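Here's the structure we're looking at; comments come further down.
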Amino acid sequence: MLAVSLLSADQFRIKEILDEAFKSGASLVHFDVMDGHFVPNVSLGTPLLETLLYYGYPVEVHLMVEHPER
């Protein structure tokens, strides 16, 4: 299983980048959620997550948060 992360991807080319990654063998998208406590908050936000789900990409979410219930 190969998961691709989007933290350093060109946000204006996400769909193109992911289409190429999945053609090359990626299995899912790794999506980080950070609250700034354990690591700096560099998350790409929920609008991108909604877009990934809309296009049907399989997503795993990595929570790096102190209070995940929030």
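Side notes on the structure shown:
- Selection of first residues in segment 18-37 that are on the phi > 0 side of the Ramachandran plot and of second residues that are part of a loop (DSSP other than H, G, I, E, B), restricted to Cβ pairs under 7 Å at least 6 apart or on distinct chains, gives the following pairs, ordered by first then second residue: Gly25/Leu2.
- Residues (free of Cβ contacts under 8 Å to residues at least 24 places away in the same chain, in a helix (DSSP H, G or I) and of a type in the set (S, T, N, Q)) located in segment 38-70: Thr46
- Residue, modelled with the lowest pLDDT, within segment 1-37, restricted to residues that are assigned to a helix (DSSP H, G or I) and open to solvent by less than 40 Å² (accessible area, probe 1.4 Å): Ile14
The values are calculated or read from the model by the stated rules, or taken from the named source; none is laboratory data. Please read these numbers as outputs of a predicted model, since none were measured by experiment. Please note: Cβ atoms are built from the backbone with ideal geometry, for glycine as well, and neighbour counts cover all protein chains shown. Note: areas computed on protein heavy atoms with side chains; ligands, DNA, RNA excluded. Shrake-Rupley method; radii C 1.70, N 1.55, O 1.52, S 1.80 Å.
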